1. How much mean residue ellipticity at 222 nm does the chain get from its helices, if each DSSP H run of length 4 or more adds -39500 (n - 2.57) and you divide by all residues, to the nearest 500 deg cm²/dmol?
2. Taking only Cα atoms, what is the 0 to 90° angle, nearest 10, from helix 49-74's long axis to the longest principal axis of the chain?
3. Taking other Cβ within 10 Å of each residue's Cβ, how do 53, 139 sort, fewest first?
4. Helix 3-21: angle to the longest alpha-carbon principal axis of the chain, degrees 0 to 90, nearest 10?
5. Can you give me the angle between helix 77-98 and the longest principal axis of the chain, using Cα atoms only, in degrees from 0 to 90, rounded to the nearest 10?
6. Could you sort the peptides 65-72, 102-109 by per-residue average Cβ neighbour count (10 Å cutoff), highest mean leading?
7. Calculated from the structure, Rg and Dmax of the Cα atoms in Å equals which of (1) 24.6, 65; (2) 19.4, 62; (3) 23.1, 95?
8. Take segment 1-56, compute every pairwise Cα distance, and split them into 10 Å bins from 0; I just need the percent in each bin.
């Protein structure tokens, strides 16, 4: 199987997981990552290599700015790390485009590792959000149990004679 298909599958799976289990920031990042993959792949198919590369670089820049806004808005470590990885992606594509270098195995390795890193950030952010929701639900259940216990004690207390 070609590695670009594996990377695309990883992006689809992790973005779906982020949309399903993540908090608001991770969900938006997952949606943007999915859109970036679909739009970027479509452009490469329909526009060819040179025009597609320029537009792909623009998409990488838009994706990086979107991650910056999400990382600042939601103060998420995982989104910040994904932002740094997207900056690497943007730098990689701009280096190859500006120096008019053909894509080689080094480009493929860096690109794939970077995409996997972004996917791991989305999964980690989703898992952290899931654990945070479970902890908040557990704390709320404990508070409710204490309130009920206090109500029961107040109802069973006998009046002074």
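1. About -32000 deg cm²/dmol.
2. Around 20 degrees separate the two axes.
3. Fewest-to-most Cβ neighbours within 10 Å comes out as 139, 53.
4. That works out to roughly 20 degrees.
5. The helix 77-98 is inclined about 10 degrees to the chain.
6. The packing order, highest mean first, is 65-72, 102-109.
7. Step by step, Rg and Dmax of the Cα atoms in Å for this structure corresponds to label (3).
8. 25, 42, 27, 6
Each reported figure results from applying straightforward, stated rules to the coordinates on display, with no laboratory input. The model shown is predicted, which means the values in this text are computed figures rather than measured ones. Every residue, glycine as well, gets a Cβ built from its backbone with ideal geometry; the counts of neighbours run over all protein chains shown.
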